[in-house]
Every structure is written in structure tokens, then in C-alpha cells.
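Each reported figure results from applying straightforward, stated rules to the coordinates on display, with no laboratory input. For clarity, every value in this text was computed on a predicted model and none was experimentally measured. Because the Cβ atoms are built from the backbone with ideal geometry, glycine has one as well, and the counts that use them run over all protein chains shown.
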Amino acid sequence: MRKKYVLGNWKMNHGVNEIKEYFDNFTYESNSAYVGVCPQTLHLEMAENLSGPNIKIGAQNCAYENSGAFTGEASPVALKELGVDFTLVGHSERRQFFGETNESCLKRIEKAHENKLLTVYCIGESLEEFEAGKTLDVLTEQLKTGLFPILDKVLGNIVIAYEPVWAIGTGKTATVEIITEVSAGIRKILGTHSEPATGISLLYGGSVKPANSEEIAGIADVDGVLVGGASLKVEDFEGIAKAF
Ligand code: PEP
């Protein structure tokens, strides 16, 4: 059975005091879903004390080498040492603003796996690509180049997050129809790799909030959500988690 995930991406938000308060107020206990948040790299040091059965701690990115001359990167070895459980790779903001490519994502996923970090590989099309009807072509390329060459190796330690770029931080959620159609399409693309690949957990991300989480949770091919803005408030994030 596919595992459920409710993950929060705090991006470059929250300071130490806000994080302490967040975890003091985080009382939600899920008996079914893997619930986790991704603070800024600078705050991951707090992860060791906070990570536990109720909440996992993730990094927003992970380097594709264990050590060396890679200024500004976060080593997967160091992340593991700090008690980090998982990492995002290929978030659209990394692709848009920091030149992340499918090729570099592939290397990051491999290193994360070698260091026993679960990877949440983010894929998604831009508004222009969506309007041109190219969504599945873009996703195929992101999967074939960014994941398939190492998929057999990382199977069991990889989750995919479908995040249409036009729905991230815009307040525009993709409709249930769009998410249903695209997530079925992603499962088909995974099927072109192998049958076991269709068993990978698939998340949706893009303006998820408590008000729309129930209907997203009802989509058969979707196994959870990756949440940005609404994960910053404990009560909203817990509200979303309850839907899963
Ligand atoms: C994200 O950053 O992955 C995201 C989905 O953001 P938001 O929920 O704010 O759209």
C-alpha cells in the first residue's frame, strides 16, 4: 500500500523563536500519514530534538556531493548527522531562480539516497507550458532525465510531488479534474519505467489549504500534499494533515 505524506515547505520563513513556538503548539499525531516540515537550512540544527514519531524534519535541498568546494550547499552527510529525515529536490523555486536542472536533480537524489535521506522530487509545468497543453511532455522529461536513470536504485526511498508552477504561492489551486488527470498521467509515465515504479507515493502541491485539502485527499492517485504558505501556521497545517 502507498504511504501518505503531508509535508510543509517553510521556504525562507520563520526564525528560531517562531519555530520553537510552532513545535510547542504542534500536537497533531497522525496514525497514518508521514508528517514533516522543511525549515531553512540554518535551522536544521534544531531537527535532532524535534524529529520524532509525530513530525519529520526535511531539508529544502541537498548537495550532490558529500563534501568539498561547493560554497553555499548543504552536504547530505551533514544533513543526516543533524537528524534530518528527508529532503526536497528540484523545487520549482530552485529551478526558476537558482538554475536547477533535471540533470543536477538526478545527482542530488542519488547522493541523498546514498546517505539514507528520503527524497521528495518536485516536478511541474509553468503556466505557459500548461496553456500550450505541454504538461505531460514536461513531466515526462523531468522524470526521464531527473529520475529514471537511478530509479531502480532509489525505489522505496523516493516520493514525487507534482506542483504546477502556476499554482505555487499564487492562491490558484489546480482543479480536482486537472490534478486527477495529471496524476493519472504521471502514473502512466512511471509505468513506462517499470511496474514497481507505479507504487511510488505521489503528492500534489500548489496553494493547498485546509479548505481544499479534503477534496485533494479524495483523488485516488494522490497520496498526500506538499504545502508552502499554509504550512507556516500550525493550525492550518494540522487542519490539512487531518484530511490524510
Ligand atoms: C510549495 O512551495 O511547494 C508550495 C506548494 O507552495 P504554496 O502551498 O504556498 O503554493
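Here are some notes:
- Computed from backbone phi, the HN-Hα couplings of segment 199-206 come to x, 6, 5, 10, 9, 10, x, x Hz, rounded to whole numbers (Karplus: 6.51 cos²θ - 1.76 cosθ + 1.60, θ = phi - 60°; Gly and Pro given as x).
- Candidates PHE148, PHE97, PHE130: whichever shows maximal mean-square fluctuation once the chain is modelled as a Gaussian network with Cα springs under 10 Å: PHE97
- Under 5 Å from the amide H of TRP10 lie the amide H atoms of CYS38, each residue being 5 or more positions distant or on a separate chain, with H modelled from the backbone and absent for Pro and chain starts.
- With Cα atoms defining each centre, segment 135-169 and segment 11-79 are spaced 22 Å apart in the structure.
- Couplings 3J(HN,Hα) for segment 117-123, derived from phi with the Karplus relation 6.51 cos²θ - 1.76 cosθ + 1.60 (θ = phi - 60°), are 9, 5, 10, 9, 8, 8, 9 Hz, where x marks Gly and Pro.
- For ALA74, the residues whose modelled amide H falls within less than 5 Å of its own, excluding neighbours fewer than 5 places apart on the same chain, are ALA63.
- Positive-end residue, segment 165-244 charge dipole about Cα centroid, Cβ charges, pick of GLY171, ALA241, THR198: GLY171
- The magnitude of the dipole of segment 4-241, with charges of +1 and -1 set on the Cβ of Lys/Arg and Asp/Glu and taken from the Cα centre, is near 340 debye.
- Distant-in-sequence amide H partners of SER30 (H built 1.01 Å from N, under 5 Å): none
- Take the Cβ atoms of THR71 and GLU195, set R0 to 45 Å, and the FRET efficiency comes out at 0.60.
- For segment 30-46, Karplus couplings with θ = phi - 60° (6.51, -1.76, 1.60), whole Hz, Gly/Pro x: 9, 9, 10, 8, 8, 10, x, 10, 10, x, 5, 3, 4, 9, 5, 4, 6
- Scattering curve values for the chain, log₁₀ I(q)/I(0), Debye with Cα scatterers, q = 0.13 Å⁻¹: -0.74
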